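Below is one structure, written out as structure tokens; comments come after it.
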Amino acid sequence: MKRTRMFAFALATVAALSGTVAMAAEHEVMMLNKGAKGVMVFEPDLIRIAPGDTVHFRATNPSHNAETVQGMLPEGAEAFVGAMNKDVSVTFTEEGVYGIKCKPHFAMGMVAAVVVGDPVNLDDAKAVKTPGKAKKVFAELLGGL
């Protein structure tokens, strides 16, 4: 009888954890030379997701990468750097705002924002200094949050 209860408990635990994993969503962001908002863009450039969701940054056009902007990620989150001309998939676990850039086109404004759950670090993200057109694009993206 005791063994049966332990087995039932283990089965229920596995089922509960499997349900949690199944609820995580997958999203796609393309890295483009030209998109709806102009040249050198992420599309979409603002995405709202839940903790545990994965974003696939697709190297749709050549000469791009996706990586976090230094200082523009929530406490406890890990920075990432995708390789040039390669897709990179990131599972976001910490709530907050993540600034994303294409390193060679950062000053041209090739940036994006990933908002995971509640934007708990929004003020800190807005305070990060960014070059050139990236400053304007981030102001637009983060201004409506």
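The values are calculated or read from the model by the stated rules, or taken from the named source; none is laboratory data. Just so you know, these numbers come straight off a predicted model, no measurement behind them. No Cβ is skipped: glycine too gets one built from the backbone with ideal geometry, and neighbour counts run over all protein chains shown. All accessible areas refer to the heavy atoms of the entire protein, side chains included, with ligands and DNA or RNA removed. Shrake-Rupley method; radii C 1.70, N 1.55, O 1.52, S 1.80 Å.
Taking amide H as placed 1.01 Å from N in the peptide plane, residue 66 has its amide H under 5 Å from the amide H of 82, each at least 5 places away in sequence or on another chain. Solvent exposure of region 14-121 amounts to 50 Å² per residue of accessible area, where only protein heavy atoms count and the probe is 1.4 Å.
Backbone phi angles across region 50-58, fed through the Karplus curve with coefficients 6.51, -1.76 and 1.60 (θ = phi - 60°), yield HN-Hα couplings of 9, x, x, 6, 10, 10, 9, 8, 9 Hz in residue order; Gly and Pro are listed as x.
Take the alpha carbon gyration tensor of region 85-145, find the square roots of its eigenvalues, order them as a ≥ b ≥ c, and report rounded if a/c is under 1.5; if not, report prolate when a/b exceeds b/c, else oblate. Note, shape of region 85-145 comes out oblate. When you filter the chymotrypsin sites (Phe, Trp or Tyr not before Pro) in region 16-110 for DSSP loop state and at most 13 other Cβ atoms inside 10 Å of their Cβ, nothing is left.
Sorting 140, 95, 67 by accessible area (1.4 Å probe), largest first, what list results? Present the calculation step by step, with values, prior to reporting the outcome.
Working: 140 120, 95 80, 67 20 Å².
Sorted by accessible area, descending: 140, 95, 67.
In summary, the convex hull built on the alpha carbon positions of region 17-123 has an orientation-averaged projected area of 6.8 nm².
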